[in-house]
Amino acid sequence: MERADDAENDEFPPEKRLEPSNTRLLKAVIATIPDMETLQQFVAYENAHQNRTQILRRLRWTSEELRKNEE
């Protein structure tokens, strides 16, 4: 059985979520990353396609928050 999160991630993969150039929209997208697996997909996409320092920094901050929440 497919989880709702899995279906959502299939519909809106990193390439669709990180596509906008609107920084406010990207901040909102990054804020909704639910887990480390999804975050890793976003980082991989960003490194391979856009490589925007500001977005990678925000993704790093999100990883730090996710790690804190796991503890």
Counting only residues that are of a type in the set (S, T, N, Q) and closer than 19 Å to Phe12 by Cα, the stretch 22-71 contains a total of 9
Applying the selection to the stretch 26-66, what residues are β-branched (Val, Ile, Thr), closer than 16 Å to Lys16 by Cα and buried (at least 16 other Cβ atoms within 10 Å of the Cβ)? Val29, Ile30, Ile33, Thr38, Val43, Ile55
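So, in the stretch 10-63, of the ones that are acidic (Asp, Glu) and outside any helix (DSSP H, G or I), which residue ends up modelled with the lowest pLDDT?
Top of the filtered list is Glu19.
The values are calculated or read from the model by the stated rules, or taken from the named source; none is laboratory data. Given the structure is predicted, the values throughout are model-derived calculations rather than measurements. Reconstructed Cβ throughout: ideal geometry from the backbone, glycine too, with neighbour counts over all protein chains shown.
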